[in-house]
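See below for the structure under consideration.
Read-outs: derived from the displayed coordinates by stated rules, not from any lab. Bear in mind the structure is a predicted one, so any value in this text is a computation, not a measurement. Here Cβ is always computed from backbone atoms with ideal geometry, including for glycine, and neighbour counts include all displayed protein chains.
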Amino acid sequence: MTSEAPAQLQSALREAYALHRAGRLEEARALCARVLQLRPQQTEALILSGIIAAQTGEAARAVALFDQVLRLDSRNLAAHINRGHALRALSQPAAAIAGYDAAIAIAPGHAAAHNGRGKALLELRQYEAAVSSHDHALALQPDYAAAHLDRAIALLGMMRHEAALESLDRVIALAPRHPGAWYLRGNALYCGGRLEGALESYDRALALAPGDARAWHNRANALFILGRAAEAAASYDRAIALDPGLKSSYGERLHARMHIADWRDFAPEVARLKALIERDEAASNPFTLLGLCGCAPLQRQAARTWVRERCPPNAALGPIPARPRRGKLKIGYFSAEFHGHATASLTAELFEIHDRARFEVIGFSFGPDTRDEMRQRLEAAFDRFLDVRAQSDADIARLARSLEIDIAVDLGGFTRGGRPGIFALRAAPVQVSYLGYLGTMSAEYMDYLIADETIVPETHRDHYSEKIVYLPSYQVNDSKRHIAERRFTRAELGLPPSGFVFCCFNSTYKITPRTYDTWMRILTRVPGSVLLLLGGGEPLESNLRREARARGVDPQRIAFGGRLPAPEYLARYRAADLFLDTLPYNAGTTASDALWAGLPVLTCRGEAFAGRIGASLLRAVGLPELIASTPEEYERLAIELASDPAALTALRARLAGDLRSRLLFDTPSFARHLEAAYAAMADRHHAGLAPQTIASSQLAPPAL
């Protein structure tokens, strides 16, 4: 090839493009290099070289090559579009948008430029603008499968699941064997609560692409929520085997196994999870870690990493404009659990008795509309009850702002169904974490965390990013709960005719092997005693009985109680003699349930928030002697109480009076202190002061 042979140059370029189409990238690159040796400003060779550089992971070199083209020809459409693609590969979506805009200015009818712009907006989490760009692309090219797919991704970001399904079904109509479309269809169905359909779509995706670790992971998520924890764990196994870098699978797999007491390799798995978190990997939803590790600094680090990866601060809505203080404060409560759920069973009365002369109370519900009795009670309890489950995080935050919510209270945090993205966008000038997630969220957009001095002593504050609001007692309760008159016989509960009955109705994921070791030693030291646990069918019950046998305890000494309507569930506690708490994640609602039913609770105080709830509840009900400081003391106290009927009778007698007068169950008093805390938070905000720790001594509720 010589400089005098332009025909040969064009022939070489045609061959380079053919090699590129055939996937022979290095040969195509070499031919482009030969052309550029002879014609350094040959734009087609520069563009193809840039495309190949981007495809082989050299995005920065690709940008430099496209820049070189644009210096020669500022209106080169291919250079602008491919430069945008390369900038996105460099995680520079804002700069990429400028490139796509330049391409659209040159060729307004270029569908790929509009679609690329939408993808960049999606990466900036500007979902609505992304959908608009994809719509432009589809108006120009209705059968553009990639644009339908990208539009669906943006719609999923907006929580518009049904609209996303429509786009994905269009992709599948155009490309029935597109595994990514089936995978995203599974995500859309999963987010919409249609779990069986989600499983079917994930299975279709995996039939087409069995090596897709993400599909195995999300399939496992659906199986877990369907109560098929063993199958979920196996699906997480496949995800990890295919992609050991899919770090969140480790925590989710361990959590699934904990739900069925599958403790194989428990210690090394927890150690691996801790090591990943210490390396700043988002290896576990912070909620999962609460039941595995009581180390407060590690919990804070896990939350910080999770927030950075999954729900970082989002300035898309801009700052909330300053507004004057009104006569009433507007409090927004945000939850996925405004139905027959533990959170609702604790908070219902609080919502009903808030002081309407001083507060307007608005519920934002993004969970299922179950139409159960509790749901109906809650809908009536709020001044306004808003079902926002079909709305995006941005829509919900925008709605809260339009309603001029003063204080937004997150009742979910990192629990399943929680929507921290709403708070990342700033739903209100003051944002508070309470009740659902028992720990720090390590998010700069959460201003306050409600606690008490038992849960977060002054010396522990460094473990929490939020400023602590100290109430006299942490946990709110519903003092209107009814206990059935029914008296369960021991035979009905699968218990022997005689013998001491220990019980724990905590979720099984809170039972660690170490806790179970302690319980089995207690049973061994208390002849004839039995342990009544919350059942869950197989393999949970056989696993727990097998673990008892491995610890030298007759498996028949482990009994299981099924789920019951709330009044009967509370009445069942009367058949037990002592509630044994778990560590590192204490009982919360279940401990209050036991105390409300008159059953003493024995707890062991841990280091972190979730491990100190039991101590908080017992102090608030007036039974501090049931708080052990070490596992050894916990074990000793359990054995002593089981061996001393008089001491246990005295404890029961102290729970037999009017519990509504105790701090734990005095809901009106709790409401007044919480309202005083809200007023103090609002006062600081309107005075232009940053959030600060609020001591319970600073809260002086007005007399009613």
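Give me 423, 500 sorted ascending by neighbouring Cβ count inside 10 Å, so fewest comes first. All intermediate terms of the calculation are to be shown ahead of the outcome.
Working: 423 29, 500 21.
Ranking 423, 500 by Cβ neighbours within 10 Å, fewest first, gives 500, 423.
Selection among 124, 140, 54 by position relative to the dipole of the range 6-187 gives 54 as farthest towards the positive end (Cβ unit charges, Cα centre). The ranking of 504, 311 by Cβ neighbour count inside 10 Å, starting from the fewest, reads 311, 504.
With no solvent and one point per C-alpha, what does the Debye sum give as log10 I(q)/I(0) for the range 533-636 at q = 0.09, 0.13, 0.17, 0.24 Å⁻¹? Here log10 of I(q) over I(0) equals -0.25, -0.54, -0.90, -1.27.
Here the relative contact order of the range 132-264, from alpha carbon pairs under 8 Å that lie six or more residues apart, stands at 14 percent. Taking a ≥ b ≥ c as the square roots of the eigenvalues of the Cα gyration tensor, the range 186-294 is prolate, since a/c reaches 1.5 or more and a/b is larger than b/c.
Run the dipole for the range 571-643 about the Cα centre, Lys and Arg Cβ at +1, Asp and Glu Cβ at -1, nothing else charged, and hand back the magnitude in debye, nearest 20. It would help to have the intermediate numbers written out before the result.
Numbers: 6 positive and 9 negative charges, 56 e Å.
In debye, rounded to 20, the range 571-643 gives about 260.
The range 306-374 and the range 130-176 have Cα centres lying 32 Å from one another.
Based on alpha carbons, the Rg and Dmax found for the range 327-434 are 12.6, 36 Å.
Under unit Cβ charges (Lys, Arg +1; Asp, Glu -1), what dipole magnitude, rounded to 20 debye, does the range 257-310 have relative to its Cα centre? Kindly include the intermediate steps, with their values, before the conclusion.
Working: 9 positive and 7 negative charges, 29 e Å.
My answer is approximately 140 debye.
In the range 257-310, the inverse of the mean reciprocal separation of distinct Cα atoms equals 11.4 Å; this is its Kirkwood hydrodynamic radius. Convert 4 °C to kelvin, take the viscosity as 1.567 mPa s, use the Kirkwood radius over C-alpha pairs of the range 290-353 as Rh, and evaluate the Stokes-Einstein diffusion coefficient in µm²/s, rounded to a whole number. For the chosen part, D equals 80 µm²/s. Within the chain, the ratio Rg/Rh, alpha carbon atoms throughout and Rh by Kirkwood, equals 1.05. Dipole of the range 405-512 computed with +1 at Lys/Arg Cβ and -1 at Asp/Glu Cβ about the Cα centre; of 506, 483, 423, farthest Cα towards the positive end is 483. Counted as membrane-span-like here are DSSP H helices of the chain whose alpha-carbon atoms extend 24 Å or more along the helix's own axis and whose Kyte-Doolittle mean is -1.0 or above; these are 667-686.
In nm², what is the average projected area of the convex hull enclosing the Cα atoms of the range 664-704? Projected area, direction-averaged: 3.2 nm².
Using the count of nearby Cβ atoms within 10 Å as a rough guide to exposure, how do 306, 263 rank from fewest to most?
Numbers: 306 25, 263 18.
Final ranking by Cβ density, sparse to dense: 263, 306.
In units of the rule-of-thumb radius 2.2 N^0.38 Å, the range 6-187 shows an alpha carbon radius of gyration of 1.12.
For every helix of n ≥ 4 consecutive DSSP H residues, a contribution of -39,500 (n - 2.57) applies; sum these over the chain, divide by its total residues, and give [θ] at 222 nm rounded to the nearest 500 deg cm²/dmol.
On the way: 30 runs with 363 residues, N = 704.
About -16000 deg cm²/dmol.
Using alpha carbons only, how many angstrom separate the centre of the range 50-71 from the centre of the range 442-479? So the two Cα centres are separated by 51 Å. Listed by chain and number, the lysines whose C-alpha is less than 26 Å from the C-alpha of residue 119, apart from same-chain residues fewer than 8 away, are 247. Rounded to the nearest 20 debye, the dipole magnitude of the chain is 280 debye, with +1 charges on Lys and Arg beta carbons, -1 on Asp and Glu beta carbons, and the Cα centre as origin.
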